[in-house]
Amino acid sequence: MKTANKTISFTPSEQLEFINFTEEVKKFVEESGVKNGLVNVQSMHTTGAIVVNEDEPLLKNDIKKRLDQIIPQDNNYTHDDFSIRTVNMCDDECANGHAHCKAVLLQPNATLNVIDGKVQLGQWQQIFFLELDRKRPRKIQIMVLGE
């Protein structure tokens, strides 16, 4: 069994931004030498998600709008009340309870089949990191395993 892994660092430019990593994932799978197996793409953050969907601007806007309707940023989240919250605090802590709640509806990773050295995606499927919080440094990890 072969394995290969890679971490990609990047900085989104806005909240609810779809960042397309499809070509990077395809290239890494090809370079890995794995002919048949799996590739896993994973967010390293609790306020970001990995989404496999269509790269169509109107659809992406619909998804953003629906996420904001279901979990609006301006709700009252106790996670954002720093007078009572005592765990997992950073010096630059921000009010991002909305982003954590949105992330619960999505997935932190996507695992896709690799056949004959190629990532198996449907006609319109693309691989995205979906930023749910704010502009700041982010990382995704890619792992390929197989024969």
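The values are calculated or read from the model by the stated rules, or taken from the named source; none is laboratory data. In this text, all values refer to a predicted model and were calculated from it rather than measured experimentally. Cβ: placed from backbone, ideal geometry, glycine included. Neighbour counts: every protein chain shown. Side chains included, ligands, DNA and RNA excluded: accessible areas come from the protein's heavy atoms. Shrake-Rupley method; radii C 1.70, N 1.55, O 1.52, S 1.80 Å.
Checking each residue in the range 77-94 for being open to solvent by 70 Å² or more (accessible area, probe 1.4 Å) and either modelled with pLDDT of 95 or more or charged (D, E, K, R) (or both) picks out Thr78, Asp91, Asp92. Counting the residues of the range 66-125 that are touching a residue at least 40 places away in the same chain (Cβ under 8 Å), within 30 Å of Val29 (Cα to Cα) and part of a loop (DSSP other than H, G, I, E, B) gives 7. Among the residues of the range 95-107, is there at least one that is closer than 30 Å to Thr3 by Cβ, modelled with pLDDT of 95 or more and open to solvent by 50 Å² or more (accessible area, probe 1.4 Å)? Looking for residues that are closer than 30 Å to Thr3 by Cβ, modelled with pLDDT of 95 or more and open to solvent by 50 Å² or more (accessible area, probe 1.4 Å), one finds at least one in the range 95-107, hence yes.
The residues on offer are Glu30, Glu14, and the sole one that is at pLDDT 95 or above, acidic (Asp, Glu), part of a loop (DSSP other than H, G, I, E, B) and open to solvent by 40 Å² or more (accessible area, probe 1.4 Å) is Glu14. Residues considered: Asp74, Asp68. Of these, the only one that is open to solvent by 70 Å² or more (accessible area, probe 1.4 Å), among the charged types (D, E, K, R) and in contact with a helix residue (DSSP H, G or I) (Cβ under 9 Å, 6 or more places away or on another chain) is Asp74.
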